[in-house]
Amino acid sequence: MSEAPHLTFDLETPGVSRGHLVVPGGADSGELSLPIFSLNKGEGPRLLVTGGNHGNELEGPLVARRLIEWLPEAQTCGRVIVLPVLNPLAVQAWSRNTPLDGLNLNRVFPGRGDGSVTERIADAVSRVLLPMADTIFDLHSFGPAWDFPPAATTHPIADRDLMARTVRMAEAFKLPVTLVWEYNDTVGMFDILAQNQGKVFVCTEFGGGTVGADNLAIFEAGVRNALIALGLVEGKAEYPTFLEKKSGQILETRPSDELKSPATGIFEPRCSVLDEVKQGALIGILHPMDSLSAKPIGIRAPGTSIVLAIRSGRHVHVNEEVAIVARPQKI
Ligand SMILES: [Zn+2]
């Protein structure tokens, strides 16, 4: 029988603590020690910040590290726990899922103590860290195959009061997009577990493409804004500049807003994120490459909408998503 997941330090210790979240070993791997930071300044909000849930989304771990450097001089009250890399096996492999068991960490919560390595990580986070926080920021990116604006997101939540508090928290990042994202594949997600416990959970989607200095500065500013709104640090929150604007908008998107490729071939984007498009506007072109007689196919906007996500130019299979559109949220 392996030992239970635990921290190598006491979270009640005042001031800065650095140590590890220990995930016990199992049949498929030995024990994991995930580096973790805590700053305890007594009474106040209790925040958990996590990154590296998906291994090919590296902006979150980088912003989490910046947060660890900044907090000791900035935090005035409450407790902040930062775990920059939830899934080191996936991050080391630059893979969305864990190579060892093929599982997506963000689909196995609350995890299993006697499960495979991904399930054991989820179990450790659920049992050791989640009870210590009232608010959780899980720092994701949309991934390297997409263009996507910096966004603070939530799924729709049945509890109207928790939904309102969660959207307010997401807006407090002051990122260009606050997104209410209706999504079908939510079983086992970290946010669903936390929200079922009445906690405010914001999932950021820190862009796509490549990790760049300008975008990282926007993401870091967003997290700092959220900490100001929580009252953990003092300061004035401001919209970072994105596409030459300092503003934000609340958008909503549903599964029917995903545009799929009509054929296999190379997708050529013909618009940019946050473009406003009318019904029938050209979103992109699919170029079949298996026959020179096959004509390029235009992919058009199904209705008046805003381009939320667009595939970077790349080869796609038939029925693979190439764009996602959204609309301003109806209050
Ligand atoms: Zn992710």
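Assorted remarks:
- Trypsin sites (Lys or Arg not before Pro), loop per DSSP, at most 10 other Cβ atoms within 10 Å - longest free stretch of the chain: 1-235
- For Trp146, nonlocal amide neighbours, meaning residues 5 or more places apart or on other chains whose placed amide H falls under 5 Å from its own, are Gly209, Ser312.
- Within the listed set Ile192, Ile250, Ile266, the Gaussian network model of the chain (springs between alpha-carbon atoms below 10 Å) gives the highest mean-square fluctuation for Ile266.
- Between Asn319 and Thr76, residue separation times 0.36 nm minus the direct Cα-Cα distance comes to 82.4 nm.
- Entry note, the chain: relative contact order of 14 percent, from Cα contacts under 8 Å with a spacing of 6+ residues.
- Residues of region 189-205 with amide N under 16 Å of the 7 Å Cα→Cβ point at Arg66: 204-205
- GNM result for the chain, Cα springs below 10 Å: residue of Val16, Val177, Val117 fluctuating most strongly: Val16
- Along each principal axis, Cα extent of region 256-328, largest first, Å: 40, 20, 17
- Max mean-square fluctuation residue, GNM over the chain, Cα-Cα springs under 10 Å, options Ala158, Ala122, Ala133: Ala158
- When DSSP beta bridges are restricted to pairs lying wholly in region 6-252, around 45% turn out antiparallel.
- Of the complete DSSP H runs in the chain, those spanning 15 angstrom or more by Cα along the long axis with a mean Kyte-Doolittle score not below 0.5 are 213-230.
- A full extension of the chain between Met132 and Asp185 corresponds to an added length of 16.4 nm, given 0.36 nm per residue minus the alpha carbon distance.
- Cα-based convex hull, region 235-289, per residue volume (Å³, whole number): 144 Å³
- Loop-located GluC sites (Glu not before Pro) in region 236-309 (DSSP state other than H, G, I, E, B) with a sparse environment of at most 12 neighbouring Cβ atoms within 10 Å: Glu238, Glu244.
- Flagged links, alpha-carbon separation over 31 Å, of Lys41/Lys245; Lys174/Lys278; Lys174/Lys199: Lys41/Lys245
- Filtered GluC sites (Glu not before Pro), region 110-218: DSSP coil and at most 16 other beta carbons within 10 Å: Glu182
- Each label was represented as a point 7 Å from its Cα along the Cα-to-Cβ direction; for Glu31 and Leu11 these points are 2.0 nm apart.
- Longest site-free stretch - the chain; sites: chymotrypsin sites (Phe, Trp or Tyr not before Pro), DSSP loop, at most 15 other Cβ within 10 Å: 184-331
- Between Leu21 and Leu34, Ile36, the built amide H atoms are under 5 Å apart, and every one of these is 5 or more places off in sequence or on another chain.
- Structure-based [θ]222 nm, the chain - -39500 (n - 2.57) summed over DSSP H runs of at least 4, per residue, nearest 500: -6000 deg cm²/dmol
- Semi-axis lengths, Å, the chain, gyration tensor of Cα atoms, sqrt of 5 times eigenvalues: 35, 24, 17
Computed from the coordinates by the stated procedures, all read-outs in this text should not be read as laboratory data. Predicted model, so just to flag it, every value in this text is computed and none were measured. Reconstructed Cβ throughout: ideal geometry from the backbone, glycine too, with neighbour counts over all protein chains shown.
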